[in-house]
1. Right, residue A:30: within 14 Å of another protein chain (Cβ to nearest Cβ) and assigned to a loop (DSSP other than H, G, I, E, B) or not?
2. So which residues in region A:49-63 are in contact with a Leu (Cβ under 7 Å, 6 or more places away or on another chain) and part of a strand (DSSP E or B), if there are any at all?
3. Restricting to region A:52-106, name every residue that is of a type in the set (A, V, I, L, M) and more than 12 Å from chain B (Cβ to nearest Cβ).
4. Of the residues B:12, B:43, B:19, only one is in contact (Cβ under 8 Å) with a residue 24 or more places away in the chain, within 9 Å of chain A (Cβ to nearest Cβ) and either surrounded by 14 or more Cβ atoms within 10 Å (Cβ to Cβ) or within 23 Å of residue B:114 (Cβ to Cβ) (or both); which?
5. Residue by residue through region A:66-104, note down the ones that are within 16 Å of residue A:46 (Cβ to Cβ) and among the polar types (S, T, N, Q).
6. Any residue at all in region B:49-58 that's at pLDDT below 95, at the interface with another protein chain (Cβ under 10 Å from one of its Cβ atoms), surrounded by 22 or more Cβ atoms within 10 Å (Cβ to Cβ) and in contact with a strand residue (DSSP E or B) (Cβ under 9 Å, 6 or more places away or on another chain)?
7. Of the numbered conditions (1) more than 13 Å from the chain's Cα centre (by Cα); (2) without any contact (Cβ under 8 Å) to a residue 60 or more places away in the chain; (3) crowded, with 19+ Cβ neighbours inside 10 Å, residue A:69 fails exactly one; give the number of that condition.
8. Could you check region A:90-111 and list, in sequence order, the residues that are of a type outside the set (Val, Ile, Thr) and in contact with a Ser or Thr (Cβ under 8 Å, 6 or more places away or on another chain)?
Amino acid sequence: QKEVEQNSGPLSVPEGAIASLNCTYSDRGSQSFFWYRQYSGKSPELIMFIYSNGDKEDGRFTAQLNKASQYVSLLIRDSQPSDSATYLCAVNMNRDDKIIFGKGTRLHILP
Amino acid sequence: EPEVTQTPSHQVTQMGQEVILRCVPISNHLYFYWYRQILGQKVEFLVSFYNNEISEKSEIFDDQFSVERPDGSNFTLKIRSTKLEDSAMYFCASSDIGMMGTEAFFGQGTRLTVV
């Protein structure tokens with residue numbers, strides 16, 4: 001069974017601090033890794049994707065990938081109340097034409 | 001900005017009835033997907049569609065489900081005989097080169113309530 005695991009949270013972070021979200025995946029053949037943000041009752045919205053080991057930065061967001069450890073993370077710097085949402089890790093495994101989502105981590109930014 | 005459009009936003013149907021959920025993918029995209037999310041649970045893959053045929057489907061996508069691209073713009077999901085457990089948010093997504101290498105864009109969803 002191909003799985004994507006995330007801590008469900010909630011993760012509470014003070015405004016202005018760094019929020020760190022983590023994800024592990026089961027399939028070593030996974031190729032592509034995505035972070036989506038989902039507000040309550042809304043659709044997933046892509047924040048970042050990463051394919052290669054290391055860090056990828058986009059504005060306040062940094063995705064980190066470690067394929068050897070089968071681990072991907074998302075850092076949000078200077079957290080804002082508008083960042084409060086559920087963050088979904090999604091993985092493309094073994095070049096299948098689909099992505100598998102984790103259950104998501106609820107992030108709450110404290111004003 | 002191009003977007004995936006889904007209609008209706010909310011559909012209420014009686015158990016055993018057929019429903020058709022509609023999606024208009026982004027115009028230059030070639031790969032289309034349906035996902036669903038039962039309230040409080042994770043987003044689950046249903047089916048992927050490319051070149052007018054299903055490329056992959058999950059165990060959820062049984063004989064009660066079908067997809068169609070009836071014209072050049074619409075992509076539909078049909079549930080033949082709805083069950084209470086089909087109640088969920090259904091998301092359509094599209095991608096230009098498939099989910100192996102790039103991101104997919106999701107529509108705003110159709111909330112299906114089976115009573």
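1. Criteria met by residue A:30.
2. Within region A:49-63, A:50, A:54, A:61, A:62, A:63 qualify.
3. Within region A:52-106, A:63, A:65, A:68, A:72, A:74, A:75, A:76, A:85 qualify.
4. Answer to the check: B:43.
5. A:86, A:92
6. Among the residues of region B:49-58, at least one is at pLDDT below 95, at the interface with another protein chain (Cβ under 10 Å from one of its Cβ atoms), surrounded by 22 or more Cβ atoms within 10 Å (Cβ to Cβ) and in contact with a strand residue (DSSP E or B) (Cβ under 9 Å, 6 or more places away or on another chain), which makes the answer yes.
7. (3)
8. Keep residues of region A:90-111 that are of a type outside the set (Val, Ile, Thr), which gives A:90, A:92-98, A:101-104, A:106-108, A:110-111.
Those that are of a type outside the set (Val, Ile, Thr) and in contact with a Ser or Thr (Cβ under 8 Å, 6 or more places away or on another chain): A:92, A:93, A:94, A:97, A:98, A:103, A:104, A:106, A:107, A:108, A:110.
The values are calculated or read from the model by the stated rules, or taken from the named source; none is laboratory data. On a predicted model such as this, the values are computed, not experimentally measured, just so you know. In this analysis, Cβ positions are derived from the backbone assuming ideal geometry, glycine residues included, and neighbour counts consider all displayed protein chains.
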